[in-house]
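Down below is the structure, laid out as structure tokens.
The values are calculated or read from the model by the stated rules, or taken from the named source; none is laboratory data. These figures come from a predicted structure and were not determined experimentally. Here the Cβ positions follow ideal geometry from the backbone for every residue, glycine too, while neighbour counts run over all protein chains shown.
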Amino acid sequence: MMAAQKIHPLIERLPAVRGRYTENAALAGITWFRVGGPAEVAFRPADRDDLAAFLMTKPADVPVTVIGVGSNLLVRDGGVPGVVIRLGRDFVTVDIGTTVRAGAAALDLNVALAARNGGVGGLEFLSGIPGTIGGALRMNGGAYGKEIKDVIVGAEALDARGRLHRLTPADLGFTYRHCAVAEDWIFLSAEMQGTADEPAAIAQRMKSIQDQRESTQPIRTRTGGSTFANPTQPEADGRKAWQLIDAAGCRGLKIGGAMVSEKHCNFLINTGDASAADIENLGEEVRRRVKLQSGVDLQWEIRRIGVPAARGAAA
């Protein structure tokens, strides 16, 4: 007679769901850096009602972290305690009407493509943001002269207890790479406003964005995208993050398997065998050198989650 499979003690404390729990779920493979430890428990909700019920009934002391496609994310080597939520198929739909409605798990590029096919211009900038609509809402994602705040009509989110909120642009409180919505709220969808245009003209603008990205960014490497937000402090004197990093002599700087990109020095790269600690330590060394050289405190744009590896743990 086979022994009953032992259930992870955290899963035993969690409510029954229609989605799926996975214990000790690997995260490195879904992040663009390809580093980091596992989630203690991963949860894929079946739909928004499943997610709401989970939030309503989970123990209050269990931490929850939401991740998208891992494009602008660094998971530390010790992994992420608690429950890591990834939104699935029920959250990726894109509907084109008088406005564009997109689920929080929809890729920014797919939203831009759907808008193009529907003859809706003004959302081309999304094709230059490697992430999801939920992430773009959380950090007021932007590229090539435009941000989510410029097109948003409204959004939906669940609060930490699973209650649904319909948010206006004022509620979202967008500023540069930031929104005012509580960190423990989970975005479900966004409604955006574009303008009627010819698909061919939209496609040409999207191609221009792609060509510019290809020529200026190391997009075919293991990177997490733009590492630091462009500073607004007077000491920056209008310079962008990459200019300050370059002036501090950090282009090509290495720690372990992590390197500052030679092509665009506001990008950190996993050259092949980097740990999350290598990447984070390199970022902090860049911050230290920039502060020393210019007086500017660079702020991380990449989201860092989880805990460091335990001392003495195997590499």
request  = Check off (1) more than 24 Å from the chain's Cα centre (by Cα); (2) surrounded by fewer than 16 Cβ atoms within 10 Å (Cβ to Cβ); (3) within 22 Å of L126 (Cβ to Cβ) for I202 and give me the number that stays unchecked.
outcome  = (2)
Meets criteria (within 30 Å of L268 (Cα to Cα) and either outside any strand (DSSP E or B) or at pLDDT 95 or above (or both)) for R213 = yes
key: Which listed residue is free of Cβ contacts under 8 Å to residues at least 24 places away in the same chain and among the basic types (K, R), from R166, R138   = R166
request  = Look through region 89-131, keep the residues that are touching a residue at least 60 places away in the same chain (Cβ under 8 Å) and of a type in the set (S, T, N, Q), and return whichever of them is nearest to Q217 (Cα to Cα).
outcome  = S127
query = For region 267-285, does any single residue satisfy the condition of being touching a residue at least 12 places away in the same chain (Cβ under 8 Å), buried (at least 16 other Cβ atoms within 10 Å of the Cβ) and more than 29 Å from V307 (Cβ to Cβ)?
reply = no
request  = Give the number of residues within region 218-235 that are touching a residue at least 12 places away in the same chain (Cβ under 8 Å), more than 18 Å from the chain's Cα centre (by Cα) and not in a loop (DSSP other than H, G, I, E, B).
outcome  = 1
task = Output yes when any residue across region 159-166 is closer than 18 Å to G135 by Cβ and surrounded by 14 or more Cβ atoms within 10 Å (Cβ to Cβ), and no when none is.
result = no
request  = Scan region 221-241 and give yes if some residue there is more than 21 Å from G141 (Cα to Cα), at pLDDT 95 or above and either surrounded by 16 or more Cβ atoms within 10 Å (Cβ to Cβ) or of a type in the set (S, T, Y) (or both), otherwise no.
outcome  = no
request  = Kindly check whether there is at least one residue in region 105-127 that is over 23 Å from S208 (Cα atoms), at pLDDT 95 or above and under 18 Å from the mean Cα position of the chain (by Cα).
outcome  = yes
inquiry  = So A258 passes all but one of these: (1) within 18 Å of S71 (Cβ to Cβ); (2) without any contact (Cβ under 8 Å) to a residue 40 or more places away in the chain; (3) touching a Lys or Arg at 6+ places or on another chain (Cβ under 7 Å). Which condition number does it fail?
reply    = (3)
ask   = Going by the conditions given, is G238 small (G, A, S) and part of a loop (DSSP other than H, G, I, E, B)?
value = yes
Exclusive hit being more than 30 Å from R213 (Cα to Cα) and surrounded by 22 or more Cβ atoms within 10 Å (Cβ to Cβ), set G70, G19, G79 = G79
task = Tell me which residues, restricted to region 93-103, are farther than 23 Å from I209 by Cα and either among the β-branched types (V, I, T) or within 12 Å of the chain's Cα centre (by Cα) (or both).
result = T93, T98
query = Would you pick out the residues in region 54-67 that are surrounded by fewer than 18 Cβ atoms within 10 Å (Cβ to Cβ) and over 28 Å from G224 (Cα atoms)?
reply = M56, T57, P59, A60, D61
